[in-house]
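Student: Please see the structure below; I have some questions.
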Amino acid sequence: MIKINRQNILKAKIGPKNGMEPAVLRELCMAKQPLVAAVLRSAGKEGYGFLKLPDNAKLLKQIQTFAAAQKKYKWENILVLGIGGSALGVTAIKEALLGCFHDVFRKPRLLVLDNVDPVFITDAAERLDMKKTLFVVISKSGTTVEPMALFALAKEKMMKTAGKNWKKHFVFITDPRVGLLREIAGNEGIAAFEVPPNVGGRYSVLSSVGLLPAALAGLDAAGLLKGAKKMRGLIAKAKGEENPALLLAALQHYFDKEKKKPMTVVMPYCNELWRVADWYRQLLAESIGKNGHSGPTPLSALGATDQHSQVQLWNEGPDNKFFIFLRVISQAADLKIGKILPKPMDFLNGKTLGRILDASYKGTSESLAKNGRPNVTLEIPKTDAETVGALFMLFEFQVALLGLMYGVNAFNQPGVEHGKQITKKILSGR
Ligand code: PA5
């Protein structure tokens, strides 16, 4: 299971300016403990539906059955059309479980088109064989401009390419009752899965939004739910600072409010988990960034890559950040360097890349600690479906806790809706 190393928030490690005494940390977490029960009690209520997603065995079965039935079409491309919460989770799953180069070598490819940049879309349309493409159109509201525009283009293209068979190239994921996408599904008889109304877009990765594309790409959808369920169980049981969601939320809130650190950096030392950090950026930003609150503003980074772009700022720039590192204990593959390099780099001979990456992580977390900058590390056993599911549940629960700590509704997004309305006005001239 995922563990949190919290040495680098303690006074003994990072000094008196930002460091905490162990007793202060203990008391802080115990004081916030009742919020865990409050979140659990709300399971299933508006927004809190994400807590129940791991229990939906019936949906999992339906998804697996649908994915198995699609095999006969030998799709080369599973093309997701969605944006925000209807895209970022799929991308996170895809990169975590398939790696970053799978699009080049593997079929079916799982691709996410989450923008209306005409060059990006033209490129995809020209390069991919549409006859061998299944479009998964995801929009909870069924009325978001970007995915609906892409759906319109895809429908037109497929009507030309596949004639009366165009419908078999589409599956929708949307609200069970409202929205244009649901209406089209009903009118045209297109297969459609549901985003439960009590689950917000950015909390929907463990619903059909994440599970269906995963299953269509041959990934372990059941494992995602299993990991999430285990994590939910752990969060429900563990007390005080042993509770990972509570610990993360309490620290983030404390460092923002008490130590003026309104920014949170999430930095996996693992390419496969980089998009989980992007997914988290939306989750935190849209859930807590409201009512004029100062933070936390999320930043995502990749280790070791961003050591060579951002760490200077983090170490010596404004002391306004709290850091969450993700460290994978057992990487799926490794490579050893032979006796190749001469002095002064001969110390690399015989080392594995895994060891070098880990040394880079230690170098960064320790240098931040020495500069008094608080950081914690999520120690992740390996990147499989269970751990990815567990990470989703951990962060969703943590953000729900933050909602209570900041006193904001963590499940609405009026700022996003405002922009959506203005976009529609501009385009419709009304
Ligand atoms: O979290 C949210 O609610 C938003 O970011 C949505 O996911 C995003 O705006 C896309 O909305 P929809 O799924 O309705 O197309």
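Conditions (1) in contact with a Leu (Cβ under 9 Å, 6 or more places away or on another chain); (2) within 15 Å of the ligand (Cβ to nearest atom), marked per residue:
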{"position": "A162", "(1), (2)": "no, no"}
{"position": "K168", "(1), (2)": "yes, no"}
{"position": "P176", "(1), (2)": "no, yes"}
{"position": "I184", "(1), (2)": "no, yes"}
{"position": "N187", "(1), (2)": "no, no"}
{"position": "E194", "(1), (2)": "yes, yes"}
{"position": "N198", "(1), (2)": "no, yes"}
{"position": "R202", "(1), (2)": "yes, yes"}
{"position": "S207", "(1), (2)": "yes, yes"}
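Student: Hey, can you tell me all the residues within region 371-394 that are aliphatic (A, V, I, L, M) and within 17 Å of D278 (Cβ to Cβ)?
Tutor: Step one: list which residues in region 371-394 are aliphatic (A, V, I, L, M), which gives 376, 378, 380, 385, 388, 390-391, 393-394.
Within region 371-394, L378, I380, V388, L391, L394 qualify.
Student: Is at least one residue of region 333-344 in a helix (DSSP H, G or I) and β-branched (V, I, T)?
Tutor: Applying the first criterion (in a helix (DSSP H, G or I)) to region 333-344 yields none.
The answer is no; no qualifying residue exists.
Student: To continue, here is another question. Here's a check for you: in region 80-101, which residue that is crowded, with 17+ Cβ neighbours inside 10 Å and not aliphatic (A, V, I, L, M) is farthest from the ligand (Cβ to nearest atom)? Explain how you work it out, then say what you get.
Tutor: Within region 80-101, the subset crowded, with 17+ Cβ neighbours inside 10 Å is 80-98.
Add one more test, that the residue is not aliphatic (A, V, I, L, M), and what stays is 82, 84-86, 89, 91, 94-95.
Working: G82: 6, G84: 3, G85: 3, S86: 4, G89: 9, T91: 13, K94: 17, E95: 19 Å.
Taking the candidates together, the pick is E95.
Student: While we're looking at this one, here's another question. Output the helices (runs of 4 or more DSSP H) that fall wholly within region 152-247 and possess 2 or more residues being in contact with a His (Cβ under 6 Å, 6 or more places away or on another chain) and crowded, with 18+ Cβ neighbours inside 10 Å, or say none.
Tutor: Fully inside region 152-247 and qualifying: nothing.
Student: I've got another one for you. On the given criteria, is A285 within 16 Å of the ligand (Cβ to nearest atom) and either under 26 Å from the mean Cα position of the chain (by Cα) or in the same structural domain as F397 (by TED's automatic domain parsing) (or both)?
Tutor: Values: within 16 Å of the ligand (Cβ to nearest atom): yes; either under 26 Å from the mean Cα position of the chain (by Cα) or in the same structural domain as F397 (by TED's automatic domain parsing) (or both): yes.
Yes; evaluated as a whole, the condition is true for this residue.
Student: Among the residues of region 130-151, is any out of contact with any strand residue (DSSP E or B) (no Cβ under 7 Å at 6 or more places or on another chain) and away from the ligand (no atom under 16 Å from the Cβ)?
Tutor: Looking for residues that are out of contact with any strand residue (DSSP E or B) (no Cβ under 7 Å at 6 or more places or on another chain) and away from the ligand (no atom under 16 Å from the Cβ), one finds at least one in region 130-151, hence yes.
Student: Okay, moving on. On the given criteria, is A149 touching a residue at least 60 places away in the same chain (Cβ under 8 Å) and over 23 Å from the mean Cα position of the chain (by Cα)?
Tutor: Details: touching a residue at least 60 places away in the same chain (Cβ under 8 Å): no; over 23 Å from the mean Cα position of the chain (by Cα): yes.
It is false that A149 is touching a residue at least 60 places away in the same chain (Cβ under 8 Å) and over 23 Å from the mean Cα position of the chain (by Cα).
Student: Then there is this: Considering every residue within region 366-377, establish whether at least one is in a helix (DSSP H, G or I), within 16 Å of the ligand (Cβ to nearest atom) and of a type in the set (K, R). It would help to see each step written out before you state the result.
Tutor: Keep residues of region 366-377 that are in a helix (DSSP H, G or I), which gives 366-370.
Of the ones still in play, those that are also within 16 Å of the ligand (Cβ to nearest atom) are none.
Looking for residues that are in a helix (DSSP H, G or I), within 16 Å of the ligand (Cβ to nearest atom) and of a type in the set (K, R), one finds none in region 366-377, hence no.
Student: Please identify the pairs in which a residue from region 72-85 that is assigned by TED's automatic domain parsing to the domain that holds W279 has its Cβ atom under 6 Å from the Cβ atom of a residue that is aromatic (F, W, Y) and assigned to a strand (DSSP E or B), counting only partners at least 6 apart or on another chain.
Tutor: Close Cβ pairs satisfying both conditions: none exist.
Student: Related question: Which ones in region 255-282 are touching a Lys or Arg at 6+ places or on another chain (Cβ under 9 Å) and assigned to a helix (DSSP H, G or I)? Steps first, please.
Tutor: Let us first name the residues in region 255-282 that are touching a Lys or Arg at 6+ places or on another chain (Cβ under 9 Å), namely 255, 259, 261-266, 268-270, 275, 279, 282.
Correct list: F255, R275, W279, Q282.
Student: Oh, and also: With under 15 Å from L368 (Cβ atoms) and among the polar types (S, T, N, Q) as the only criterion, which of Q331, Q310 stands out?
Tutor: Numbers: Q331 fails: under 15 Å from L368 (Cβ atoms).
On inspection, the qualifying residue turns out to be Q310.
Student: Here is a check on your reading of the model: is T122 more than 16 Å from the ligand (Cβ to nearest atom), hydroxyl-bearing (S, T, Y) and on the phi < 0 side of the Ramachandran plot? Write out each step before concluding.
Tutor: Values: more than 16 Å from the ligand (Cβ to nearest atom): yes; hydroxyl-bearing (S, T, Y): yes; on the phi < 0 side of the Ramachandran plot: yes.
Yes; evaluated as a whole, the condition is true for this residue.
Student: In region 329-357, which residues are touching a strand residue (DSSP E or B) at 6+ places or on another chain (Cβ under 6 Å) and over 25 Å from E379 (Cβ atoms)?
Tutor: Listed by number, the list is empty, since nothing qualifies.
Student: Next question. Restricted to region 102-142, and to residues that are assigned to a helix (DSSP H, G or I) and either touching a Lys or Arg at 6+ places or on another chain (Cβ under 9 Å) or among the basic types (K, R) (or both), which residue is surrounded by the fewest Cβ atoms within 10 Å (Cβ to Cβ)? Give the steps one after another, and end with the answer.
Tutor: Our first condition is that a residue be assigned to a helix (DSSP H, G or I); within region 102-142, this holds for 102-105, 118-127, 130-132.
The next check asks that each one be either touching a Lys or Arg at 6+ places or on another chain (Cβ under 9 Å) or among the basic types (K, R) (or both); those that pass are 102-103, 125, 127, 130-132.
On the way: H102: 17, D103: 14, A125: 15, R127: 8, M130: 18, K131: 13, K132: 14.
Restricting to residues being assigned to a helix (DSSP H, G or I) and either touching a Lys or Arg at 6+ places or on another chain (Cβ under 9 Å) or among the basic types (K, R) (or both), the top hit is R127.
The values are calculated or read from the model by the stated rules, or taken from the named source; none is laboratory data. Everything quoted here is computed from the prediction, not taken from an experiment. Positions of Cβ are generated from backbone atoms using ideal geometry, with glycine treated the same way; all protein chains shown enter the neighbour counts.
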